[in-house]
Structures are given as C-alpha cells and as structure tokens.
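Here the structure is laid out as structure tokens; the discussion comes afterwards.
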Amino acid sequence: MRKSIIIATAAIAFAGGALADAAAPQFVTLQKSDMLSSNIVGVDVYDSADHKLGTVKDIAFDSSKAVKGYILSVGGLLGMGAHYVAVDIGSVAVKYDPSDKKWHANMNASKDELKAAPEFKYEGEWNASKS
C-alpha cells in the first residue's frame, strides 16, 4: 500500500513538473482574413475550368507549427480507392466568398497531374490515435 502511494505521488510530481515546463498561455486576436483548419478541411478543390480535382482532407504542419501543406484526396468513389497527395500551400488558392458564404479552393493543376503525384500515406505518427 505504501509503495503504491509513493509511486502515485512520484507520478503526480512528474506530471506537475512537465506542466511547469510548459510556457504560460499566450492569447491571440484573429483577423477576418485568418482561416481555421475546420473551414479548410473538407473543401473541394477545383481547376481553372471549374472541374473538381479533389478534396482537402488534412493540413500538414512543420516542426515549428507553420502550415507546410494540404493533403488532398484525389480520385476514388465514395471514399474508396482515394489517392492522397501532399501539396504546398502556395499551390492552392483558398478564399472565403461572402456572397455565397462558403470557402473555395482552386489549383492550377489537372486531375491527371495529381493522380501521378507521389502518394502520401497515413502511416506511423500520421496514423496514430489522437488521445
């Protein structure tokens, strides 16, 4: 019993130490031109001729937490046989249209180019549980 209490106390102290190492919260003010990931994920991406190329399925961040790219789902039918590709954020123009109150994404690419692009696979840490 005493050993369990010592172990539990050590675990709490360790967890508290980890929390103590975290920086104090910093708060930000978002601007109207800022985007939320929830607005972008799920947006269909179209080419200049208004043909659907795919859908933004995910957003990738680098180690400094800056947005590195979008993961697009290309091809497939009803989620089956989809091909995922990682594209640079500069390759996709994302904007909000206040007239129809929707987010839109366009890209200067063809569906064939995206299907031929290197495939991104959800493996390892990219497929890990969130909690």
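Before moving on, here are some points about what is shown:
- Built amide H within the under 5 Å cut-off of Phe120, gap 5+: Tyr84, Val85, Ala86
- Were the residues from His83 through His51 laid out at 0.36 nm apart, the gain over their Cα-Cα distance would be 9.8 nm.
- Potential extension, Glu123-Ile59 segment - 0.36 nm per residue separation minus Cα distance: 21.5 nm
- Annotation: for a label point projected 7 angstrom from Cα along Cα→Cβ of Asp97, residues of region 25-67 with backbone N closer than 20 Å are 33-36, 38-57.
- Amide H contacts for Tyr46 (H built 1.01 Å from N in the peptide plane; partners 5 or more residues away or on another chain; cut-off under 5 Å): Leu53, Ala105, Asn106, Met107.
- Gain on full stretching of the segment that runs from Lys111 to Ala23 - 0.36 nm per residue minus C-alpha separation: 27.3 nm
- Ignoring lysines fewer than eight residues from Lys121 along the same chain, the ones with Cα atoms less than 30 angstrom from its Cα are Lys52, Lys57, Lys65, Lys68, Lys95, Lys102, Lys111, Lys130.
Read the figures in this text as sums done on the coordinates, not as results from a lab. It should be emphasised that the depicted structure is a prediction, and the values quoted were computed from it without experimental measurement. Here Cβ is always computed from backbone atoms with ideal geometry, including for glycine, and neighbour counts include all displayed protein chains.
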